[in-house]
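All of the numbers you see were taken from the coordinates with simple rules; none came from a lab. What you see is a predicted model; the values in this text were computed from it and never measured. No Cβ is skipped: glycine too gets one built from the backbone with ideal geometry, and neighbour counts run over all protein chains shown.
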Amino acid sequence: MNVATALDSISEADLAPLDVQADLTVAIEGENEDLRVRSQTDTLLVDVPSVGVALGLARRSSGLLPGVADVLAAADLTVGVAIDGTGVAVLGADARPGPLARRIGPHVEIRDKGVAKALLGAIVDCQSSDGNA
């Protein structure tokens, strides 16, 4: 059984209500920076330290996002995703997808302004570290 099949099976199960308590740091193989995860009853908050780490995670988990979001929704859980403190996405039960995110899945919300702000911040940080600011 592959991961996608497992996620489909789980998302069809009735997992609600489920509360998660977490306050942890997650190390990612090959990355110098850790993810921070904390919770508030039915909402997990995941803060990715940089755009580079976010892109690396997106490449590694290509195609899994819709299944993960469906499992979260089935468990009545929501994950807020931030990049360096800027909210960029919501996955799961409370996601309100716009037209673009609906193409990814029904439980995925992309926060366009947050994504733009995170990308702009990364560009400014690169320029500052290069001495071009």
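Structure notes:
- Total formal charge among the other residues, if their Cβ is under 13 angstrom from that of L57, Lys/Arg +1 and Asp/Glu -1: -3
- Amide H contacts under 5 Å for A89, placed H, 5+ residues apart: V81, R111
- A simple count of charges around A101, restricted to other residues whose Cβ falls under 11 Å of its Cβ and scoring Lys, Arg +1 and Asp, Glu -1, yields +2.
- Sequence-ordered 3J(HN,Hα) estimates for region 64-78 from the Karplus curve with 6.51, -1.76 and 1.60 and θ = phi - 60° stand at 8, 4, x, x, 4, 4, 5, 5, 4, 4, 5, 8, 6, 10, 10 Hz, glycine and proline given as x.
- Here the relative contact order of region 3-129, from alpha carbon pairs under 8 Å that lie six or more residues apart, stands at 21 percent.
- Neighbourhood net charge (11 Å Cβ-Cβ; Lys/Arg +1, Asp/Glu -1) for V81: -1
- Rounded to the nearest 20, the Cβ-based charge dipole of region 3-129 about its Cα centre (Lys and Arg +1, Asp and Glu -1) stands at 540 debye.
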